[in-house]
Amino acid sequence: MGYNALMFPDFRVGDTVKMRKVHPCGGYDWKIFRLGADIGLECQTCQRRVLLSRRELAHKLKIIIPAESVNDNKK
């Protein structure tokens, strides 16, 4: 089965994603710091960094908060 761009959400560096399950530190929010075959995520609570495949991230993802709206909420 090949990669179908319509199957997976569009990710950008700087976006925040909220996962379905809690991280052991208690955080749900992760910031995207790397894009490629694997996507790099950094926990916003404990700063732990992990790499997930696009398919795995799409499965574990609850919502995507674009980088623009994160900056708008801080003002």
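Here, each number is a calculation from the coordinates, and none is a lab measurement. Just so it is clear, the model here is predicted, and its values are computed rather than measured. Methodologically, a virtual Cβ is constructed for each residue, glycine included, from the backbone with ideal geometry; neighbour enumeration extends over all protein chains shown.
GLU68 to GLU42: FRET efficiency via 1/(1 + (r/R0)^6), r the Cβ-Cβ distance, R0 22 Å, to the nearest 0.05?
On the way: r = 19 Å, r/R0 = 0.85.
It comes to 0.75.
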Checklist outcome for this item: Residue by residue through region 30-44, the couplings from Karplus 6.51 cos²θ - 1.76 cosθ + 1.60 with θ = phi - 60°, in Hz, x for Gly and Pro, are 10, 9, 7, 10, 8, 10, x, 4, 10, 10, x, 10, 10, 5, 7
Checklist entry - For region 16-66, with only Lys/Arg (+1) and Asp/Glu (-1) charged at the beta-carbon, what is the dipole magnitude about the Cα centre, in debye rounded to 20? => result 120
Checklist entry - Which ³J(HN,Hα) values in Hz, rounded to whole numbers, follow from the phi angles of region 49-55 under the Karplus curve 6.51 cos²θ - 1.76 cosθ + 1.60, where θ = phi - 60° and Gly and Pro get x? => result 10, 9, 10, 10, 6, 4, 5
Item to check | Over region 16-66, relative contact order from alpha-carbon pairs under 8 Å, at least 6 apart, % | outcome: 38
